[in-house]
Amino acid sequence: MLKDFTPQERKVVLSITFAVVVRMLGLFLLLPVLSPYLRTLEGATPELIGLAVGIYGLAQALLQIPFGYLSDKYGRKPVIFVGMFTYALGSFMAGLVGNIWSMIFARFIQGFGAVSSAMIALSADLTREEVRTRAFAHIGASIGLTFALSFAVSTPLAGKFGVPFLFFLTGFLSLLALLVLHVSVPEPKIRSKEREINPSIGNLARLLKDKNQTFLNFSIGISHAFLVLLFTVVPYELVYHQGLPKVQHWKIYLPAIFLALLFMVPAVIVAEKRKRFREVFLLAVALLGFSFLSLYLFENTLGIFFALLLFFSGFNMLEALIPSLLTRLTHKDLRGLSLGLFNTVQFLGAFAGGLWGGYVLKHGYVYMLFPAMVFSFLWFSIGSLWFSKLLINK
């Protein structure tokens, strides 16, 4: 996927991929084991356990825009370094605490390292437009594999070494990622006199009025709402209705994600090299809709595997295409702020997906399948109209 990249671009993409994967590893490794561990802490109640799990995402959502703005004003790498160091500090604190309130504070400190927007902006700054989609696809594919592998190794690692070990591991890897970024990734050279738009938080109003930003924000929000919805409901379905223990779920997740990544690579290349963004984007949205249709038609383990294969095929394509389109359509001097807004909507979408999933578990599958298919159809229709007016696809 990186064969058309220059040596410098290849080094940049691999280094940023490593840093992003480290961040995601901290989240994915803990997903299957965090709630049971929190229950053992002094002062734990169901409400405080939920707060400890969710405050990480809340901090991320609140701070994406400020961090994106600061990366426009002061540079990408200083903001990333502060965020990654803070994330490492929060991880070490979480591994040492013994009561639930200290864990809540540590998880908030972890979430304070909200550097996703600065990392994506740095990738866009240091790669050519003609290979940028593949750069994001590489990062997205690595996150997908990390997700699947994390579910495979999380429970065995926690069982052998304990949950605090997972916090210490991600803290150490974060510091290692800082070293890799320092050595391998340069800071883009943009002097203030070369700027066409001066950094200002007031530019946020300009972005909120931008129809391209609005559609792409909507797209990332709904795709991540679908993701969290699916992984709130599917594990429950596998355990309680299909009789598959949690420790065996990777046998479904890993092959589904791996096959989906194989499908994603040629699709992304077609979108970028042949300027078929519209066709590939709409195919991805359709695949998400069909994944929920599959869950409706086939109420068994094989149906769930097929649904996950369809879902991740579409989801991984969108993870590459949406940020690539956003950075192409946003002025270079506004990339950090724009991606901060974008990532805020992404985390809010994930939060909404969790609430939606909880409602589905209480009231039934029907409240997931039909609304998701309707959302997919509306998204496909709006996307068709949006692309018809978009010069980038012509």
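Per-structure values
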item	result
Theoretical ellipticity at 222 nm over the chain - DSSP helices of four or more residues, -39500 (n - 2.57) apiece, nearest 500	-28000 deg cm²/dmol
Signed unit charges on C-beta, dipole axis of the range 1-186, positive-most listed residue Leu29, Leu173, Val115	Leu173
Across Lys73/Lys273; Lys11/Lys209; Lys11/Lys273; Lys209/Lys362, pairs whose alpha-carbon gap is larger than 28 Å	Lys73/Lys273; Lys11/Lys209; Lys209/Lys362
Relative compactness, the range 1-186, computed as alpha-carbon Rg over 2.2 N^0.38 Å	1.06
Dipole magnitude of the chain, debye to nearest 20 (Cβ charges: Lys/Arg +1, Asp/Glu -1, about Cα centre)	940 debye
Net length gained if the chain between Leu262 and Leu175 were fully extended (0.36 nm per residue, minus Cα distance)	28.2 nm
Largest-first principal axis extents of the Cα set of the range 220-341 (Å)	52, 29, 23
Chain lengthening between Glu130 and Ser388 when straightened (0.36 nm per residue, less Cα-Cα)	90.8 nm
Where a label projected 7 Å from the Cα of Tyr365 along Cα→Cβ would reach, residues of the range 229-245 with amide N under 12 Å	234, 237-238, 241-242
Euclidean distance between Cα centres, the range 271-344 to the range 32-106, Å	27 Å
Stokes-Einstein D (µm²/s) once Rh is taken as the Kirkwood radius of the chain over alpha-carbon pairs, at 37 °C in 0.692 mPa s	154 µm²/s
Fewest-first ranking of Arg76, Arg134, Arg128, using other Cβ atoms within 10 Å as the exposure measure	Arg128, Arg134, Arg76
Additional length obtainable on full extension of the chain from Asn300 to Leu96, 0.36 nm per residue less Cα span	69.3 nm
Under-5 Å amide H pairs with Arg276, H placed in peptide plane, nonlocal only	Ala271
Per-residue Cβ neighbour rank within 10 angstrom, fewest leading, Ile120, Ile269, Ile104	Ile269, Ile104, Ile120
Fewest-first sequence of Met93, Met103 by Cβ atoms within 10 Å of each Cβ	Met93, Met103
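We did not get these values from a lab; they are worked out from the coordinates using the rules stated. What you see is a predicted model; the values in this text were computed from it and never measured. All Cβ positions, glycine included, derive from the backbone under ideal geometry; neighbour counts span all protein chains shown.
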